[in-house]
Amino acid sequence: MQQKNLVRKKYYLIRKKKYYEVSKNFFSPLLNFTKLKFKNRKFKLAFYYPSSFEINTLKLLEFNYISNQNLLLPIIEKNNSMNFFPWKKNEVLQVNKYGMLEPFKSKKNIPDIILVPLLVFDKYKHRLGYGKGFYDRYLNKYLKKFKNILTIGVAFSFQKYHKLPVNKKDVKLNYILTEQGIY
């Protein structure tokens, strides 16, 4: 656990130092990927409202194709669990106990694709987040029931680490999206 915390701290500082505003083009590979995967049918895209120098996923809303999908944002609930709820561009958000923006509760949804924030990733598609385990708990719970959920970590290429320490609770992602593309 101590090793994970050291890696988290180091990469948070690196991301903060090297942070820059991403352009809409950052998400072009994701746009192409979703068009191929889902053809012309709608899908549920869970993303996060950016904070702490995370990649600005709100840029996705500049694509009509994406903004016309069923968009979901996470809400932190009781017992530190997380679920995804519908949200539309320009709808009012509320501030949770962690100071993060989230939609108002309505009917929870199971996403087809989850864009996962991260501090660090490795070539095996493991990730480290902020250490609270919200995404890992959610994924451990729902990936057993819904095997078709795609998980895509979103990061800058400089956030790559050679090999992260992992345990049985950590969930490997399907893909990582960086400014260099999807892998």
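List of remarks:
- Comparing Asn148, Asn70, Asn79 in a Gaussian network model of the chain where C-alpha atoms under 10 Å apart are linked, the largest mean-square fluctuation is found at Asn79.
- The value of relative contact order for the range 59-183, using C-alpha pairs under 8 Å at least six residues apart, is 21 percent.
- Scaled against the 2.2 N^0.38 Å expected of a compact globular protein of N residues, the Cα radius of gyration of the range 120-167 reads 1.22.
- Virtual paramagnetic centre 7 Å along Cα→Cβ of Glu54, amide N under 16 Å, in the range 103-132: 103-104, 111, 113-121, 127-132
- Mean-position separation - Cα centroids, the range 8-60 and the range 146-166, in angstrom: 12 Å
- Ranking by accessible area, most exposed first, for Glu54, Glu77 with a 1.4 Å probe: Glu77, Glu54
- Only Cα pairs under 8 Å and 6+ residues apart enter the sum, and on that basis the relative contact order of the range 89-134 stands at 20 percent.
- Take the range 1-73 with all the other protein chains still there, run a 1.4 Å probe, and you get 57 Å² of accessible area per residue.
- Close amide H pairs (under 5 Å, H built 1.01 Å from N) link Leu150 with Ile113, Ile114, residues at least 5 positions away or on another chain.
- Using Cβ point charges alone (K and R +1, D and E -1), the dipole size of the range 30-183 about the Cα centre works out to roughly 720 debye.
- Most mobile listed residue (Leu119, Leu13, Leu71) in the chain, GNM with C-alpha springs under 10 Å: Leu13
- Evaluated at q = 0.11, 0.14 Å⁻¹, a Debye calculation over the C-alpha positions of the range 7-105 (equal weights, vacuum) places log10 I(q)/I(0) at -0.40, -0.64.
- For the range 97-113, putting each phi into the Karplus relation 6.51 cos²θ - 1.76 cosθ + 1.60 with θ = phi - 60° gives couplings of 5, 9, x, 9, 7, 8, x, 7, 5, 9, 8, 5, 10, 9, x, 8, 10 Hz, in residue order, rounded to whole numbers and with x for Gly and Pro.
- Considering only beta bridges that DSSP places wholly inside the chain, some 45 percent are antiparallel.
- The HN-Hα couplings worked out from phi for the range 55-68 by the Karplus form 6.51 cos²θ - 1.76 cosθ + 1.60 (θ = phi - 60°) are 4, 6, 5, 5, 4, 4, 6, 6, 8, 4, 4, 7, 5, 8 Hz, whole numbers, x standing for Gly and Pro.
- Under 14 Å, Cβ to Cβ, from Leu73 - net charge with Lys/Arg +1 and Asp/Glu -1: +2
The values are calculated or read from the model by the stated rules, or taken from the named source; none is laboratory data. None of the values given here were measured: they were computed from a predicted structure. In this analysis, Cβ positions are derived from the backbone assuming ideal geometry, glycine residues included, and neighbour counts consider all displayed protein chains. We work out accessible area using only protein heavy atoms, side chains counted, and drop any ligands, DNA or RNA first. Shrake-Rupley method; radii C 1.70, N 1.55, O 1.52, S 1.80 Å.
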